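Accompanying notes for the structure given below.
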Amino acid sequence: PCHSYILPDIVCTFCHNTRDIDICRDPLISFGEWKCPVCSNLYDKSLMENSLVEAVQKLVVRSTVQDLRCVRCKDIKANNVMRSCGRCTSAYGLTLPNDAVDAQLSVLRDIANFHEFSYLSEVLSWV
């Protein structure tokens, strides 16, 4: 993968070293070596995959329950009756655009395919 996706606060179960891992650009991970740089013990790939599945679920929820925002004055839509902004009469738009969500899901699909995360692939197939 050529994108960047950072998994925050990954803890080595042996030495308890904590670090953020760019799962797409980390040199060890990109060669399939899931090793802690401090103690050289293997990371638990299933924990990494579960963290990615959790990220997918959070992204889907965030996209689904997002607020609408005025495209001009950036006010949040206060009620469901008004079709345009009560302040400036502009239209409302999504806070998190669909193309941004699609781009993040695409990166996660690439990660699932590259690292052969079957559970993540299955979850993404339903999104």
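The values are calculated or read from the model by the stated rules, or taken from the named source; none is laboratory data. Keep in mind the model is a prediction, meaning the values are calculated, not measured. We place every Cβ from the backbone using ideal geometry, glycine too, and count neighbours over all the protein chains shown. Each accessible area value is taken on the protein alone, full model and side chains, heavy atoms only, with ligands, DNA and RNA left out. Shrake-Rupley method; radii C 1.70, N 1.55, O 1.52, S 1.80 Å.
Checked against (1) surrounded by 12 or more Cβ atoms within 10 Å (Cβ to Cβ); (2) at pLDDT below 95, SER121 passes all but condition (2).
Given the condition open to solvent by less than 90 Å² (accessible area, probe 1.4 Å), assigned to a loop (DSSP other than H, G, I, E, B) and modelled with pLDDT under 95, answer yes or no: does some residue in the range 47-65 qualify? Within the range 47-65, not a single residue is open to solvent by less than 90 Å² (accessible area, probe 1.4 Å), assigned to a loop (DSSP other than H, G, I, E, B) and modelled with pLDDT under 95.
If you check VAL81, VAL127, VAL123, which single one turns out to be touching a residue at least 60 places away in the same chain (Cβ under 8 Å), more than 18 Å from ILE6 (Cα to Cα) and assigned to a loop (DSSP other than H, G, I, E, B)?
Numbers: VAL81 fails: touching a residue at least 60 places away in the same chain (Cβ under 8 Å); VAL123 fails: assigned to a loop (DSSP other than H, G, I, E, B).
That would be VAL127, the only listed residue that is touching a residue at least 60 places away in the same chain (Cβ under 8 Å), more than 18 Å from ILE6 (Cα to Cα) and assigned to a loop (DSSP other than H, G, I, E, B).
Residue count for the range 15-31, restricted to those that are open to solvent by 60 Å² or more (accessible area, probe 1.4 Å) and among the β-branched types (Val, Ile, Thr): 1. Scanning the range 84-120 for residues that are in contact with a His (Cβ under 6 Å, 6 or more places away or on another chain) and part of a loop (DSSP other than H, G, I, E, B) gives no hits. For the range 107-118, a residue qualifies if it is farther than 11 Å from VAL56 by Cα and open to solvent by 30 Å² or more (accessible area, probe 1.4 Å), and the qualifying residues are ASP110, ASN113, PHE114, GLU116, SER118. Among the numbered conditions (1) outside any strand (DSSP E or B); (2) surrounded by 13 or more Cβ atoms within 10 Å (Cβ to Cβ), the only one that ILE10 does not meet is (1).
All of ALA100, ALA112 fail the test of being without any contact (Cβ under 8 Å) to a residue 40 or more places away in the chain and within 19 Å of HIS3 (Cβ to Cβ), apart from ALA100. So in the range 73-106, with the set limited to residues that are closer than 28 Å to VAL123 by Cα and over 11 Å from the mean Cα position of the chain (by Cα), which one is most open to solvent (accessible area, probe 1.4 Å)? For the range 73-106, the residue satisfying everything is ASP99.
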